[in-house]
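Report on one structure; see the data block that follows.
The values are calculated or read from the model by the stated rules, or taken from the named source; none is laboratory data. Everything numeric here is computed off the predicted structure, so don't read it as measured data. Here the Cβ positions follow ideal geometry from the backbone for every residue, glycine too, while neighbour counts run over all protein chains shown. Just the protein is used for accessible areas: all its heavy atoms, side chains included, with ligands, DNA and RNA removed. Shrake-Rupley method; radii C 1.70, N 1.55, O 1.52, S 1.80 Å.
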Amino acid sequence: MAALTRVSGSVGLITLQNPPVNALSAAVRYGIVDTVQKAVSDPQVKSVVICGQNGVFCGGADIKEFGLAMVGPPLVPMIHAIEAADKPVVAAIEGSALGGGLELALACHYRVTHSKARLGLPEVTLGLLPAAGGSQRLPRLIGVPAALDLITTGRHVTAAEALKLGVVDQVTDQNTVEAAVKLALSVVGQSLESRRISTLPCPCPADVDALFEGVMQRVRQRARGAIAPVTCVQAVHAAATLPYAQGMQREKELMDTLFTSGQARAQQYCFFSQRVVSRWSTPSGARWDTSKPKPVTKVAVIGLGTMGRGITVALAQAGLSVVAVETQPQQMIAGQRAVTDMLERAAQRQGVSSAVDRVRFSVELEAVADVQLVIEAVFEDMALKQQLFKQLSSICKADTLLCSNTSALDVDHLASQTHSPQLVVGMHFFAPAHVMKLLEVVYGPRSDPQAVASAMALGKRMGKVSVAVGNCRGFVGNRMLMPYVEEALFLLEEGASPETVDRALEEFGFPMGVFRMSDLSGLDVGWKVRKAAGLVEPGQMSRVRQARRYSPLGDLLCEQGRFGQKTGQGWYLYPAGSREARPDPWLQSFLEEYRARQGLVSRRIHSQEVLDRCLYALINEGFHILQEGIAAGPEDIDMIYVFGYGWPRHRGGPMFYASQVGLARVLQRLEHYQQLHPDVPHLQPSGLLRRLVSSGSPPIQRWREVIRTPHSAL
């Protein structure tokens, strides 16, 4: 799947042909080996240009072949053969050159790229390293510090940055292949010794050991237990300290340790799961491929608080025309200033024109009359949202889609306030909305599939990972979060400290433990939710509410005015406006007094118990959600948690983690803790979990079969 033609008389043009991204499948590798041999041996061919079909150079390895028996030519010898060619080889990069695609380009003697192309070595995001010489060639080409940055983060760079770094030789706004052919003709007969990257010495700073020690420390801290970034540093270290051949051997050894690791499987599962969740379906069977989204070019956002501002920025940056409405004049002034500042800073950072002109601000609700879709982002209060939806139903056109940025409220109840309930869906963004990748699209029993498709498509346009979920309190993410937080509070009652719980969760891989996160978001947020649910009894310390175990610790702190970072005190202390969480001696005394008044005997809580109780309670709720059809499959839950709640990507998501740990173990530990705490309903194992275990704990890819299998309740 690579074609060779001769252009401009003496240039052999090799075109990779494997849509959509010309991935390096076995057939493509066969084609490259064959066409390179023919071009090199043809006396009429004086130089070679390699390009990709349909405006894309090469997206890298064919991930569909991962885990399968190796067939076709190995990538490394193929790349070495290109570099060893005695005729100049030029890469014509359009679209993208990623992973193995960039490694292929690095084997070429020259690289020409289109100004809109993107380049990178993203293997670390799949739990791997660039093992076709990328970790050895790139440091030799651009130096160790720059190579470490690209390889350990996996980030993509623009053509302009690639030129500045020295990854490419030319950038063009014109026809890339023509520019590459012109370059290929101009270098015929010139020595290629200095163009073979593998033969170059690796430029190293004098303090190379100190450099790697510092980088390794930072990477370990950022990786939070992920092994691939650390292994990438080790591979680049080999490039800096070993001859090329030995460095390649070290690269191979390191790759072998990663390739079959559980972390690599988890990260590759995440890669495929992003595609799975985009192919959503509703319980009625309506699917993405039969539900054509409504064209949306003009959107309204109502409410310019924190969430509304972020949503407005995200929409404008996606190229949409936005009407931003805030009926409170003072809030409007603050909101307009904040949105403008965010858009201008982003434009300056990205080197593009500001999207401020795409936003029109208004204090009049009637300004939304001609938009195609409305996203309300007002305060999380059902009565307020009900009234707003009644008004919108009268103001907007009959076919306008009405969306609620609610984190927990009943979307179907909001829909019932409108003339067209089928056009109402939830769009649950995550703060900050212009940064966070997750979007929960919530449909109710009356939601029209086209309305769901339109919200999903809008989320994709905004760069979000959009996941369609059913309507229930808390939807998927926040519903699963409730037992997770409750178990953390129960652990405090039994003897743990916030530091103990958070340390265990952060060592597992979360960016923040439950108590640091609570302080960041504000303890008063959850307090208001509990008040609305009728759980809060001011001044009371009762540990039973609504016939189940309850911890009033969070309520008691809020009654003291301790709301977290915003007040300088919460589960931790934040002196003088600091964002650094410090243990609070007052809180330790408060917990000791609380336990004494409740007759609780404090005991030592080990980190494994923290993980078992917090994570398995969260996972168990996930099984309930799957059983009820709120989420279509485990991939939906996992992508929600990876992209919205900080679940470590190298652990694949909560449901994938359960499959790796072993469903039988999850069930056994839940049964163990449920016997110890019979007054905690969320520790009662899900019926679906029991069915999966009794079915032999099938791999996660087959859970949907068990979920769909009718079963008796007897």
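The listed residues are 512, 517, and the only one of them that is in a loop (DSSP other than H, G, I, E, B), of a type outside the set (Lys, Arg), open to solvent by 40 Å² or more (accessible area, probe 1.4 Å) and out of contact with any Pro (no Cβ under 7 Å at 6 or more places or on another chain) turns out to be 512.
From the list 547, 533, the one residue that fits, being at positive phi, without any contact (Cβ under 8 Å) to a residue 40 or more places away in the chain and of a type outside the set (D, E, K, R), is 547.
More than 34 Å from the chain's Cα centre (by Cα) and over 16 Å from residue 135 (Cβ atoms): which single residue out of 189, 166 fits that description? After ruling out the rest, the residue left standing is 189.
I need the full set of residues from the stretch 352-382 which are of a type in the set (Phe, Trp, Tyr) and under 30 Å from the mean Cα position of the chain (by Cα), in order please. Hit for the stretch 352-382 is 379, nothing else. Selection of first residues in the stretch 330-345 that are free of Cβ contacts under 8 Å to residues at least 60 places away in the same chain and of second residues that are of a type in the set (D, E, K, R), restricted to Cβ pairs under 7 Å at least 6 apart or on distinct chains, gives the following pairs, ordered by first then second residue: 332/326; 335/309; 335/326; 338/309; 339/309. Entry remark, the stretch 535-555: residues being open to solvent by less than 50 Å² (accessible area, probe 1.4 Å) and either touching a Lys or Arg at 6+ places or on another chain (Cβ under 9 Å) or outside any loop (DSSP other than H, G, I, E, B) (or both) number 11 in total.
Counting just the residues of the stretch 328-368 that are among the hydrophobic types (A, V, I, L, M, F, W, C) and part of a strand (DSSP E or B), which one comes out farthest from residue 161 (Cα to Cα)? My answer is 361. Residue 367 passes every criterion in (1) in contact (Cβ under 8 Å) with a residue 60 or more places away in the chain; (2) closer than 30 Å to residue 649 by Cβ; (3) small (Gly, Ala, Ser) apart from (2).
Can you pull out the residues in the stretch 332-352 that are within 23 Å of residue 305 (Cβ to Cβ), open to solvent by 70 Å² or more (accessible area, probe 1.4 Å) and of a type in the set (A, V, I, L, M)? If the condition is that a residue be within 23 Å of residue 305 (Cβ to Cβ), open to solvent by 70 Å² or more (accessible area, probe 1.4 Å) and of a type in the set (A, V, I, L, M), then 333 is the only one that fits.
Name the one entry in 135, 115 that is in contact with a strand residue (DSSP E or B) (Cβ under 6 Å, 6 or more places away or on another chain), touching a residue at least 40 places away in the same chain (Cβ under 8 Å) and not basic (Lys, Arg).
After ruling out the rest, the residue left standing is 115.
Just to be sure, is residue 496 under 19 Å from residue 594 (Cα atoms), open to solvent by less than 10 Å² (accessible area, probe 1.4 Å) and assigned to a helix (DSSP H, G or I)? Taking the combined requirement at face value, the residue does not satisfy it. Residues in the stretch 556-570 that are within 31 Å of the chain's Cα centre (by Cα) and open to solvent by less than 10 Å² (accessible area, probe 1.4 Å): 564, 570. For beta carbons closer than 6 Å, sequence separation of 6+ or different chains, a first residue in the stretch 247-260 that is farther than 14 Å from residue 123 by Cβ and open to solvent by 20 Å² or more (accessible area, probe 1.4 Å) and a second that is assigned to a helix (DSSP H, G or I) and at pLDDT 95 or above, the qualifying pairs are 248/136; 250/238.
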